[in-house]
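Structure first, commentary second.
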Amino acid sequence: MTIMKPSREVGIAGYGAYLPRYRLPGSEVSRVWSEGEDESPVVEKAVAGLDEDAVTMAIEAARNAIARAGIRPQQLRAVWVGSESKPYAVKPSGTIVAQAIGATPNVTAADWEFACKAGTETMQASFALVGSGMGDYALAIGADTAQGRPNDALEYTAASGGAAYVIGPRENSLAYLEGSYSFVSDTPDFYRRAHEHYPRHGGRFTGDPAYFHHVEGAARHLMEELGYTAKDYAQAVLHQPNPKFPARAAKSLGFTPAQIETGLLVGRVGNTYAGSSILGLTAVLDEASPGDRILLVSFGSGAGSDAFSFVVTDLITERRRKAPATATYLARRREVDYAVYARYRNKLLMH
Amino acid sequence: MHIPRQWRTRDQRLSLMGEVCPKCGVKLFPPRDVCPECSGPAKEPFALSGRGAVYSYSTVYHAPEGYESYVPYTVALVRLEEGPMVTAQLTDVDKEQVAIGMPVEMVTRKIAEDGEDGAILYGYKFRPALEAGAAC
């Protein structure tokens with residue numbers, strides 16, 4: 001057995017989404033760099049405002065997750081933030097978030113990095129912490145203000161947003177964990193060297209050996225070992241760097257378009273990196289019914305995937321009302337043009 | 001803001017942590033040593049909800065040093081539902097949308113940065129209140 005399942009039953013006690021207010025239409029990027037010739041893979045992407053970063057987005061997502069879980073922040077034994085856009089190179093984002101939500105000082109706090117799957121890494125670790133009995137609750141967060149190099153294909157999609165999960169014992173969970181699985185290999189599909197502002201990527205190489213190999217490998221293995229097929233799932237959420245990749249992977253795994261539709265947000269928010277798949281899961285939980293089985297599969301360049309199988313409980317109906325729905329954040333939008341985007345994302349040299 | 005002051009005021013800045021007077025029950029923000037209502041000692045921490053309404057406001061076009069990159073921005077007096085009046089920036093709102101009485105809620109945001117290599121100051125701002133549960 002290579003899937004993971006803690007000896008103590010665990011699950012998601014609360015979840016919270018965050019999306020910033022600003023949106024950059026893909027047509028703006030195309031207008032500036034290709035006179036409108038290139039087609040954007042997304043309608044628009046979410047853009048952080050001037051006063052936002054991965055820490056401020058993590059704080060709001062965390063407050064939403066705690067409100068839904070109905071716990072006191074002092075009950076948390078871990079506050080873990082997964083991000084590739086940490087505001088400080090050295091100084092934990094986790095301590096700022098922990099202080100802001102009132103979880104200090106009896107808590108471990110740290111930052112995690114694994115490109116786009118840093119968010120689900122914090123979930124795996126939180127399941128382990130709660131599952132081992134070291135603590136009753138842990139806060140797992142993925143949040144990013146992703147940067148795409150101007151005139152790079154990633155500029156259409158590199159977006160800002162995040163999600164947070166209070167992980168707790170099964171008896172206080174709105175969705176309990178059936179099992180999880182992690183699948184990694186050394187694959188240099190995308191990277192950013194220290195002190196560099198923008199990442200580099202392997203173009204088409206990011207598809208088959210990276211995204212599809214890991215996402216499909218992780219999902220297949222977890223479902224096989226749990227004895228499930230795609231038909232057993234109400235919804236699946238796969239990492240979504242663009243709309244095409246998760247659609248192709250889902251089809252290959254046997255899922256229908258309707259099974260991935262609810263959590264497929266990339267066309268309207270872009271790729272929120274560490275927040276991407278787990279933000280999709282918040283949209284699914286907003287609409288899920290008790291008994292629904294949900295598959296979550298992340299992907300992080302470098303490369304690897306985490307896969308999780310959840311079953312929604314009766315607690316979902318009451319808890320989802322306790323914080324703003326993901327649809328509320330999606331509807332809260334103000335379009336900006338490329339010039340304002342360049343200002344907000346610090347792409348202008350001020351000298 | 002100097003590092004020691006940033007550290008000393010972290011709870012009130014990051015999470016709007018105020019005080020409640022143990023003698024007369026009034027809620028206070030920012031925290032202080034003496035209750036301005038009854039002159040008793042005030043030292044019990046009290047987490048304010050962050051919900052309130054705009055009492056008055058003004059838009060800043062010529063910002064003080066350290067805030068220039070955010071202009072134009074709106075500063076408001078916010079009457080919190082527990083009673084205290086707080087001065088803070090509004091965020092995630094166009095200045096034309098701001099009105100007296102507008103319901104707002106606290107969010108933690110970047111306030112200022114001490115240059116490219118200095119500390120980032122986080123603190124409270126207010127934005128138009130989002131409704132919990134509803135998909136607007």
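The values are calculated or read from the model by the stated rules, or taken from the named source; none is laboratory data. Quick caveat: nothing in here was measured; it's all calculated off a predicted structure. Because the Cβ atoms are built from the backbone with ideal geometry, glycine has one as well, and the counts that use them run over all protein chains shown.
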Discussion item. For region B:115-136, give me the residue count where each residue is without any contact (Cβ under 8 Å) to a residue 12 or more places away in the chain and more than 7 Å from chain A (Cβ to nearest Cβ).
Written reply: 4
Discussion item. I'd like to verify a number: residues in region B:89-114 that are surrounded by fewer than 16 Cβ atoms within 10 Å (Cβ to Cβ), part of a loop (DSSP other than H, G, I, E, B) and within 11 Å of another protein chain (Cβ to nearest Cβ), how many?
Written reply: 1
Worksheet item: Which one of these does A:Gln147 not meet: (1) more than 14 Å from chain B (Cβ to nearest Cβ); (2) polar (S, T, N, Q); (3) more than 30 Å from A:Leu222 (Cα to Cα); (4) surrounded by 24 or more Cβ atoms within 10 Å (Cβ to Cβ)?
Response: (4)
Practice prompt. Restrict the check to region A:311-322 and report whether at least one residue is more than 14 Å from chain B (Cβ to nearest Cβ), at negative phi, buried (at least 21 other Cβ atoms within 10 Å of the Cβ) and in a strand (DSSP E or B).
Written response: yes
Discussion item. So, in region A:6-34, how many residues would count as being within 14 Å of chain B (Cβ to nearest Cβ) and of a type in the set (D, E, K, R)?
Written reply: 2
Discussion item. Please determine whether any residue of region A:40-58 is of a type in the set (Val, Ile, Thr), over 24 Å from A:Ala175 (Cβ atoms), modelled with pLDDT of 95 or more and touching a Gly at 6+ places or on another chain (Cβ under 6 Å).
Written reply: yes
Item to complete: All but one of (1) among the hydrophobic types (A, V, I, L, M, F, W, C); (2) touching an Asp or Glu at 6+ places or on another chain (Cβ under 9 Å); (3) in a loop (DSSP other than H, G, I, E, B) hold for B:Ala53, so report the exception by its number.
Response: (3)
Fill in: From the options A:Thr104, A:Thr2, residue that is of a type outside the set (A, V, I, L, M) and more than 13 Å from chain B (Cβ to nearest Cβ)
A:Thr2
Worksheet item: Residues that are among the polar types (S, T, N, Q): which helices (runs of 4 or more DSSP H) entirely in region A:230-270 hold 1 or more of them?
Response: A:244-253, A:257-261
Item to complete: Could you check B:Cys24 against (1) on the phi < 0 side of the Ramachandran plot; (2) crowded, with 19+ Cβ neighbours inside 10 Å and say which number it fails?
Response: (2)
Worksheet item: Which residue out of A:Ala78, A:Ala109, A:Ala89 is within 11 Å of chain B (Cβ to nearest Cβ) and among the aliphatic types (A, V, I, L, M)?
Response: A:Ala89
Response to the item:
Selection over region A:9-34 where residues are touching a Leu at 6+ places or on another chain (Cβ under 9 Å) and assigned to a strand (DSSP E or B) yields a count of 8
Worksheet item: Can you tell me which residue in region A:35-47 is nearest to the other protein chains (Cβ to nearest Cβ), limited to those that are part of a loop (DSSP other than H, G, I, E, B) and in contact with a Phe, Trp or Tyr (Cβ under 7 Å, 6 or more places away or on another chain)?
Response: A:Val42
Worksheet entry | Matching residues in region A:138-171 - criterion: being hydroxyl-bearing (Ser, Thr, Tyr) and assigned to a loop (DSSP other than H, G, I, E, B) | A:Thr157
Worksheet item: Checking B:Arg13 against (1) within 14 Å of chain A (Cβ to nearest Cβ); (2) within 12 Å of the chain's Cα centre (by Cα); (3) in a strand (DSSP E or B), which single condition isn't satisfied?
Response: (3)
